[in-house]
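The values are calculated or read from the model by the stated rules, or taken from the named source; none is laboratory data. Not measured: the values here are computed from a predicted model. Every residue, glycine among them, receives a Cβ derived from its backbone with ideal geometry; neighbour counts consider all protein chains shown.
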């Protein structure tokens, strides 16, 4: 339930400018988490502060094979 509330707050804060994500929330912890987020598979998540996208280093290294990927279960 808490994750759902956080997602709703994020969606409310997320604005667009010329088709690019824009956010002016100044939070250093969220910024650092955006650059190295093992819970997000996107290479380019929206910026926490500013206009455009950031690079998720964890997703990049996982795709390059430097880090192990998330295990998928076959049923």
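Points to keep in mind about this one:
Residues are listed down the side, and each one gets a yes or a no for (1) part of a helix (DSSP H, G or I); (2) surrounded by 13 or more Cβ atoms within 10 Å (Cβ to Cβ); (3) on the phi < 0 side of the Ramachandran plot; (4) at pLDDT 90 or above:
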residue	(1), (2), (3), (4)
3	yes, no, yes, no
6	yes, no, yes, no
10	yes, yes, yes, no
23	no, yes, yes, no
37	no, yes, yes, yes
43	no, yes, yes, yes
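- Top-ranked residue of the range 45-60 - restricted to ones that are under 17 Å from residue 15 (Cα atoms) and part of a loop (DSSP other than H, G, I, E, B), ranked as modelled with the lowest pLDDT: 48
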